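Chemist: Got a structure here, written out as C-alpha cells. Questions coming.
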Amino acid sequence: MVLKVFFPQCCNLAASGLLVGRWIPQHDSAVVLAVIHYPFIPFQVKEYIRKMGKESRMDLSILGTWSLPQDGEEDKDNFQEGLSAIFDMQRWLQVSRRMGQKGFVCRLLGEEKEAKKSEEKGEEEDEEEKVIFIHYEQRKVMLSELHPIQNGVPESRDDSLSELRQVFHTVSNSGPLFFMDKYDDGPLKSTHWQSEGREGSIIVELLKQASIPLCALLRRLLAVWTWICTMRIFGLFPLPFLWSKLSSCVQLSYRTQHLKTLTDGTQAQFLRKANVFVSFLVDIGLGLFLASWLYRDRHISMLADKLLPAADHVAKELEELLQWLMGAPAGLKMNRALDEVLGRFFLYHIHMWISYLHLLSPFVESILWYGGLSACLGLTFALSLLSDMVALLTFHIYCFYVYGARLYCLKIYGLASLWRLFRGKKWNVLRQRVDSCSYDLDQLFIGTLLFTILLFLLPTTALYYLVFTLLRLVIVLFQGVIHLSVDFINSFPLYAMALRVCRPYRLAEGVRFRVLSEEPGTALHLLMEINPLKSGVVINTYRTPTYSCYPKDSWGALIKKLFVGELIYPWTHKSAKGHAAKAD
C-alpha cells in the first residue's frame, strides 16, 4: 500500500525536530501538524502531547523526525533512529530534506521492517517509492469546513468517514496545538501555521469575551419579553387572530426567535448564528437610515398631507369606474336591474370608506410619526408595518373582491349543478363522485328556469368580479413584493456570501491535487488545493429558515380558482416549523 503523508507547507523550511500529528490507520495515512525543534526533553514532549491530545480530543502522537541540516550541521540519522525507541512508536517516519532540493527523502521504520532489514537490502528503496507527500496550507484547512452540510449543520464525524474528511477534522480540531509559538517562553519550540505570532487574533478574542455578558443580558431581556407574551390577556379574542394576521406581529415573533438562536450558549451552527447576526445588524442599520430620513425636513408631515388626497383620488376613481360599469361598459349589454343593484351597493361602501378616512384625518400624522419609530427596530419592521397599512387602507377593495367572488362563485356552481341535472346526473356528497339520477318533469322545468336566469345574469356578475379581482391582484402583488423583500433581508446568508467572496476556502466543496515535484530518488509531492462552494450552493445551504412568502397553490390551481370564483391568497406565511397562516 501507498503511505500518504499530509505535510503542512509552513513546515517545509522548519528546523530539524520531531513530527507531531496523527495516524489514520484505516487509510494508511499520516497527518503532520507541527514540528518540535531540537533541543528538547523527551519527558516534556510526551507530557505536552498527552495534554494537547486531551484538550483537542484527538489521538495525537509523535510520527517521526524531520531533518533539514543547515550550513555547518551534521546529519543526525543515527540519533533520529534512536528516538523511535524512546517514544515507543511502532511506525516511525524519518523525513529529510537538503537545502536547495525540492523533494523529501522518507524512510518508514517499523518492527517488521527492522527485523527484515538485514535480509532484504533493497527494502528501503522500495519504501521510498511508496510514500506520497501531500502538501496543504494549514491555515486554510484549519479554518475551512468540508461540505456537504445539511441545514447548516456539519455531518457527524467518526472513524467511518472518508480519508479527506478525517484530515480536515484532524487539522480543525487541533487548535490547542497551535497556541504555542516562538513568542512563548516555554521549554518547547515548534513550527506551525501560527508560529509567526497571534497578535492579529487579539481583537477576535476580545469580542468573544465581550459576547458572554452581552448574551446573558439578551437572555434576560428575552425572558422578560417571553413572560409578557405569555400573559393571559394576550390570549383573549381577537388578539391571537390579529397576532397571526398582521405582518408586523409576525416579524416581531420571527426576530424573537432569531435572538433566542443568538443567545444559545452552544457553539454548534456557528455559520447560521453569524448569518442571523449579520442580517440583524444590516436590518437595524437600514432601519435607522430610513428613520433618519423620515424625521428630517418634515418628511412625515409631507407624507401625511399627501396620503388623504391620494385616498380620496382612489375613491373617486372607483366611483367613476362603478358609474362606467352601471352604464354600457365597452358596449356590452348588461342586465339593468342587477347592474343597478350591484352599482348602488358598491357605491354605498365607497361613501362609507371616505367618511371613515375623513374621521381619521386629524390622527394620520400622529399615526405616521409613531409608526416611523418602528424603523428603529429594523427595515423589516417598517416594511411589515407598511404592508399592514396598505391592507387597512385598501380594505374596501378587498370587500368588493369578496362580494363579487362569492356571488360569481355561487352562480358558477349553480350552473354546474343544473347542467348535471339536464344530463341526468347529480353530485354524491358521501362518495365524492358524480352518479346517475332520474328527475321528474317538474324538477326539470324548475331546473331549466333557474339555469336560464343564472346564465343571463352571469355576464353582469362576471364583469364586476373581473374588475374587482384585477384591483385585488394589483394590491396583492404590491404586498407580495414587500413580503419578498422582508424575506430576503431575513433569510439571505450575508456572512456566508461574504466568506465566499473574501475567503472562499472557508466553504470547501472538495479538493484538487497538483504535482509539485517528482525528482528521482525522492517521494512524489502533490499540492492539495481547496475547491470553494458555488454561490448558489452557499445560498441554498445557509439560507436562514423564515416564515417566507410562497404560493399556497400551483399556477394551474390558482388559475382554476380565479375561473370558478374561489377566494385566493397567493402569498401565505409559512413559519420555520412549517405552520402556515393566510396573509390576509
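Chemist: Any idea which of (1) open to solvent by 20 Å² or more (accessible area, probe 1.4 Å); (2) under 30 Å from D305 (Cβ atoms) is the one Y403 doesn't satisfy?
Modeler: The number of the failed condition is (2).
Chemist: Something else: Any residue in region 428-455 that is within 26 Å of Y408 (Cβ to Cβ) sitting within a Cβ distance under 7 Å of a residue that is surrounded by 10 or more Cβ atoms within 10 Å (Cβ to Cβ) and among the basic types (K, R)? List the pairs, counting only those 6 or more apart or interchain.
Modeler: What qualifies is V434/R420; V434/K425; L454/K411.
Chemist: Which ones in region 563-584 are open to solvent by 50 Å² or more (accessible area, probe 1.4 Å) and either of a type outside the set (D, E, K, R) or modelled with pLDDT of 80 or more (or both)?
Modeler: Once the filter is applied, which keeps residues that are open to solvent by 50 Å² or more (accessible area, probe 1.4 Å) and either of a type outside the set (D, E, K, R) or modelled with pLDDT of 80 or more (or both), region 563-584 yields F563, E566, W571, A576, G578, H579, A580.
Chemist: From the residues in region 25-65 that are surrounded by fewer than 15 Cβ atoms within 10 Å (Cβ to Cβ) and of a type in the set (S, T, N, Q), which one is nearest to K189 (Cα to Cα)?
Modeler: Ranking the qualifying residues of region 25-65, first place goes to Q44.
Chemist: Any idea which residue in region 245-271 is modelled with the lowest pLDDT, counting only those that are in contact with a strand residue (DSSP E or B) (Cβ under 8 Å, 6 or more places away or on another chain) and either outside any helix (DSSP H, G or I) or open to solvent by 40 Å² or more (accessible area, probe 1.4 Å) (or both)?
Modeler: A268
Chemist: Could I ask something else about it? Could you pull out the residue among D339, D297, D388, D305 that is in contact (Cβ under 8 Å) with a residue 12 or more places away in the chain and farther than 20 Å from G404 by Cα?
Modeler: Exactly one of D339, D297, D388, D305 is in contact (Cβ under 8 Å) with a residue 12 or more places away in the chain and farther than 20 Å from G404 by Cα, namely D388.
Chemist: Mind checking whether some residue in region 519-532 is open to solvent by less than 10 Å² (accessible area, probe 1.4 Å) and not aliphatic (A, V, I, L, M)?
Modeler: Scanning region 519-532, I find at least one residue that is open to solvent by less than 10 Å² (accessible area, probe 1.4 Å) and not aliphatic (A, V, I, L, M), so the answer is yes.
Chemist: Among the helices (runs of 4 or more DSSP H) contained in region 115-188, which hold 1 or more residues that are at pLDDT 50 or above and surrounded by 14 or more Cβ atoms within 10 Å (Cβ to Cβ)?
Modeler: 138-143, 163-172
Chemist: Could you list, ordered by first residue, the pairs with Cβ atoms under 9 Å in which the first is in region 230-246 and touching a residue at least 24 places away in the same chain (Cβ under 8 Å) and the second is among the aliphatic types (A, V, I, L, M), at least 6 apart or interchain?
Modeler: What qualifies is S244/V250; S244/A581; K245/A391; K245/A581; K245/A583; L246/L385; L246/A391.
Chemist: Does V2 qualify as being open to solvent by 50 Å² or more (accessible area, probe 1.4 Å), in contact (Cβ under 8 Å) with a residue 40 or more places away in the chain and closer than 15 Å to H525 by Cα?
Modeler: yes
Chemist: Oh, and also: Between L342, L368, L360, L294, which is in contact with a helix residue (DSSP H, G or I) (Cβ under 6 Å, 6 or more places away or on another chain) and closer than 22 Å to C399 by Cα?
Modeler: Selected residue: L342, the only one of L342, L368, L360, L294 that is in contact with a helix residue (DSSP H, G or I) (Cβ under 6 Å, 6 or more places away or on another chain) and closer than 22 Å to C399 by Cα.
Chemist: On to the next question. Which of the numbered conditions does N490 fail, given that it passes all the others? Conditions: (1) under 30 Å from G378 (Cβ atoms); (2) free of Cβ contacts under 8 Å to residues at least 24 places away in the same chain.
Modeler: (2)
Chemist: Of the numbered conditions (1) surrounded by 13 or more Cβ atoms within 10 Å (Cβ to Cβ); (2) more than 23 Å from A405 (Cβ to Cβ), L359 fails exactly one; give the number of that condition.
Modeler: Of the numbered conditions (1) surrounded by 13 or more Cβ atoms within 10 Å (Cβ to Cβ); (2) more than 23 Å from A405 (Cβ to Cβ), the odd one out for L359 is (1).
Chemist: Could you list, in sequence order, all residues of region 438-451 that are exposed (fewer than 13 other Cβ atoms within 10 Å of the Cβ) and either aromatic (F, W, Y) or under 21 Å from Y403 (Cβ atoms) (or both)?
Modeler: F445 - this is the single residue of region 438-451 that is exposed (fewer than 13 other Cβ atoms within 10 Å of the Cβ) and either aromatic (F, W, Y) or under 21 Å from Y403 (Cβ atoms) (or both).
Chemist: Return the total of residues in region 97-106 being in a strand (DSSP E or B) and either of a type in the set (A, V, I, L, M) or surrounded by fewer than 20 Cβ atoms within 10 Å (Cβ to Cβ) (or both).
Modeler: Of the residues in that region, 1 qualify.
Chemist: I've got another one for you. I'd like the full set of residues that are open to solvent by 10 Å² or more (accessible area, probe 1.4 Å) and of a type in the set (S, T, N, Q), limited to region 452-468.
Modeler: Matches in region 452-468: T452 only.
Chemist: Within the bounds of region 326-334, is there any residue that is under 16 Å from L393 (Cα atoms) and open to solvent by less than 30 Å² (accessible area, probe 1.4 Å)?
Modeler: No - not one qualifying residue is present in region 326-334.
Chemist: Moving on to the next point. In region 81-110, which residues are hydrophobic (A, V, I, L, M, F, W, C) and more than 21 Å from F40 (Cα to Cα)?
Modeler: Those that are hydrophobic (A, V, I, L, M, F, W, C) and more than 21 Å from F40 (Cα to Cα): M99, F104, V105, C106, L108, L109.
The values are calculated or read from the model by the stated rules, or taken from the named source; none is laboratory data. Note that the structure is predicted; figures quoted are calculated from it, not measured. Glycine gets a Cβ as well: all are built from the backbone with ideal geometry, and neighbour counts include every protein chain shown. Side chains included, ligands, DNA and RNA excluded: accessible areas come from the protein's heavy atoms. Shrake-Rupley method; radii C 1.70, N 1.55, O 1.52, S 1.80 Å.
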